[in-house]
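Q: Please find one structure pasted underneath; my questions will follow.
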Amino acid sequence: MLLRSSTSFKVLLFLLFVSFTFPLNLVKIRHGIHKDKVRVVFDLSKETKYRIFVLKRPYRIVIDLLGKDVRIKRVRLPKGISYKLGKHPWGRRVVLKPEKQYSVRAFTLKNPDRLVVDLIKEKRIRVKPRKFTVVVDAGHGGKDPGAIGWRGIKEKWVNFQIAKYLAYYLKRDGRFRVIMTRKGDYFVPLEKRAQIAIRNRAHLFVSIHADAAPKRRPYARGTQIFALSYRGAKQKKSKLLSDLSYAGQIIRGGDPRNRQLRLIISDLAFRVTLEDSVDFAKILAREIKRTMRRSVRFKGIKRANFAVLKTPGIPSVLIEAGFITNPYEARKLRSRHFQKKFAYAIYRAILKYFNLPER
């Protein structure tokens, strides 16, 4: 009994020694709302190096606290500013996602140590309303017909019809810049479809397809949504780091030869692609079920390594509208009423994703 007590005491002394020798830098984040700004204060246990920068598309304010001993203990931010925390070998990352844009100013204070980030409200000026760029991708086309379904129905035709109606609803709305990867029956390589989204700095990429089942399962049915898998994101992230030509397509306003910049951009870009794509997929799933009701059997959201989903920093989804090999679903997929209704469900999901009221 005495031996056990002695051992426990030694362990306690060791833990106390470690905690005093290598103290953690515990960080508490609080805020204050002022007439002309929102002040975000990082209360630090000790002096801490930091870096701060702003991303425009999507709009993010990134604060990196450097040091392996940094720990975020508490975060209190006002309504209208959400956040995400990241853990890295060099320290902790705090990504602020405000609903509106600010000018950013940062400085440190001593006794006690604090990092102050002022989000300064910009003066209201009359500007042209912002348009969101949406790339609508009709899968397959031209020499690539896609799947051949019941009574010879071709996937490329179904995809294009739904894509065309979706583009119509978005253009009629007036708050969107719409780009179609193909405007007719011709072939567009998969990589080029993703490049169209990247080149046009798209806010959203929607790829429309129809599914097919093997002959042994002719009655397979259902609608499903795909977002990029972690494996696919990792592959594209590696390319951004190793291929300067590709990095130059992604990085605007900076030198793509700067490896540190490529590391930061690649990390943030694919975090957006992975996380925001799933956020949109969830909204899309709700709208399809709400609008289409019993017209479709929804099979859920899945992850995949599709080439068209590898769009750094752009939320992207691929929708399989239904099985053209199933006679019941094929009849619907060739119906204009179904095509319009399905496209309208996607349009409503896009409105909700961008927090826009329906017109």
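Q: Quickly run through segment 62-93 and pick out the residues that are hydrophobic (A, V, I, L, M, F, W, C), under 18 Å from VAL38 (Cα atoms) and either part of a loop (DSSP other than H, G, I, E, B) or free of Cβ contacts under 8 Å to residues at least 24 places away in the same chain (or both).
A: The initial filter retains those residues of segment 62-93 that are hydrophobic (A, V, I, L, M, F, W, C), namely 62-63, 65-66, 70, 72, 75, 77, 81, 85, 90.
Pick out the ones that are also under 18 Å from VAL38 (Cα atoms) and you get 62-63, 75, 77, 81.
The answer is LEU77, and nothing else.
Q: Restricted to segment 306-359, and to residues that are at pLDDT below 90 and assigned to a helix (DSSP H, G or I), which residue is nearest to the chain's Cα centre (by Cα)?
A: Looking at the filtered set, the residue picked out is LEU309.
Q: While we're on this one: Checking ARG294 against (1) modelled with pLDDT under 90; (2) touching a strand residue (DSSP E or B) at 6+ places or on another chain (Cβ under 7 Å), which single condition isn't satisfied?
A: Result: ARG294 passes all but (2).
Each row is one residue, and each column tells you yes or no for (1) crowded, with 20+ Cβ neighbours inside 10 Å; (2) among the basic types (Lys, Arg); (3) in a helix (DSSP H, G or I).
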residue	(1), (2), (3)
PHE270	yes, no, yes
THR273	yes, no, yes
ASP279	no, no, yes
LEU284	yes, no, yes
LYS289	no, yes, yes
ARG294	no, yes, yes
ILE301	no, no, no
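Q: Here's a follow-up. Check ARG217, ARG193, ARG182, ARG221 and return the single one that is within 25 Å of GLN339 (Cβ to Cβ) and not in a loop (DSSP other than H, G, I, E, B).
A: Working: ARG217 fails: not in a loop (DSSP other than H, G, I, E, B); ARG182 fails: not in a loop (DSSP other than H, G, I, E, B); ARG221 fails: not in a loop (DSSP other than H, G, I, E, B).
Just a single option satisfies the conditions, and that option is ARG193.
Q: Just give me the residues in segment 40-54 being closer than 18 Å to ILE72 by Cα and either of a type in the set (Phe, Trp, Tyr) or in contact (Cβ under 8 Å) with a residue 24 or more places away in the chain (or both), in sequence order. Working first, answer last.
A: Looking only at segment 40-54, we keep the residues that are closer than 18 Å to ILE72 by Cα, and these are 40-52.
Of everything in segment 40-54, those that are closer than 18 Å to ILE72 by Cα and either of a type in the set (Phe, Trp, Tyr) or in contact (Cβ under 8 Å) with a residue 24 or more places away in the chain (or both) turn out to be VAL40, VAL41, PHE42, ASP43, LEU44, SER45, LYS46, GLU47, THR48, TYR50, ILE52.
Q: Where the second residue is surrounded by fewer than 23 Cβ atoms within 10 Å (Cβ to Cβ) and basic (Lys, Arg) and the first is in contact (Cβ under 8 Å) with a residue 12 or more places away in the chain and on the phi < 0 side of the Ramachandran plot and lies in segment 340-359, which pairs have Cβ atoms under 7 Å and are six or more apart or on separate chains?
A: Note: pairs meeting the criteria are LEU356/ARG175.
Q: Could you grab me the full set of residues in segment 25-39 that are in contact (Cβ under 8 Å) with a residue 12 or more places away in the chain and either part of a strand (DSSP E or B) or outside the structural domain of ILE63 (by TED's automatic domain parsing) (or both)?
A: Residues of segment 25-39 that are in contact (Cβ under 8 Å) with a residue 12 or more places away in the chain, as a first pass: 25-31, 33, 36-39.
Within segment 25-39, ASN25, LEU26, VAL27, LYS28, ILE29, ARG30, HIS31, ILE33, LYS37, VAL38, ARG39 meet the criteria.
Q: Give the number of residues within segment 98-115 that are without any contact (Cβ under 8 Å) to a residue 12 or more places away in the chain and closer than 20 Å to ASP36 by Cα.
A: Residues meeting the conditions: 1.
Q: I would also like to ask the following. Would you be able to tell me the number of residues in segment 196-212 that are part of a loop (DSSP other than H, G, I, E, B) and either touching a Cys at 6+ places or on another chain (Cβ under 7 Å) or modelled with pLDDT under 90 (or both)?
A: Of all residues in segment 196-212, those part of a loop (DSSP other than H, G, I, E, B) come to 200-203, 212.
Remaining after also requiring either touching a Cys at 6+ places or on another chain (Cβ under 7 Å) or modelled with pLDDT under 90 (or both): 201.
Matching residues across segment 196-212 total 1.
Q: Okay, moving on. Would you point out which residue out of LYS68, LYS56, LYS79, LYS84 is outside the structural domain of VAL308 (by TED's automatic domain parsing), under 30 Å from ARG182 (Cα atoms) and of a type in the set (Lys, Arg)?
A: Working: LYS68 fails: under 30 Å from ARG182 (Cα atoms); LYS79 fails: under 30 Å from ARG182 (Cα atoms); LYS84 fails: under 30 Å from ARG182 (Cα atoms).
Testing whether each residue is outside the structural domain of VAL308 (by TED's automatic domain parsing), under 30 Å from ARG182 (Cα atoms) and of a type in the set (Lys, Arg) leaves just LYS56.
Q: Now, a different point. So which of GLY141, GLY91, GLY152 ends up being modelled with pLDDT under 95 and not assigned by TED's automatic domain parsing to the domain that holds HIS31? Talk me through it step by step, then tell me what you get.
A: Working: GLY141 fails: modelled with pLDDT under 95; GLY91 fails: not assigned by TED's automatic domain parsing to the domain that holds HIS31.
Sole residue among the options that is modelled with pLDDT under 95 and not assigned by TED's automatic domain parsing to the domain that holds HIS31: GLY152.
The values are calculated or read from the model by the stated rules, or taken from the named source; none is laboratory data. Just so it is clear, the structure is predicted and the values come from calculations on it, not from any experiment. No Cβ is skipped: glycine too gets one built from the backbone with ideal geometry, and neighbour counts run over all protein chains shown.
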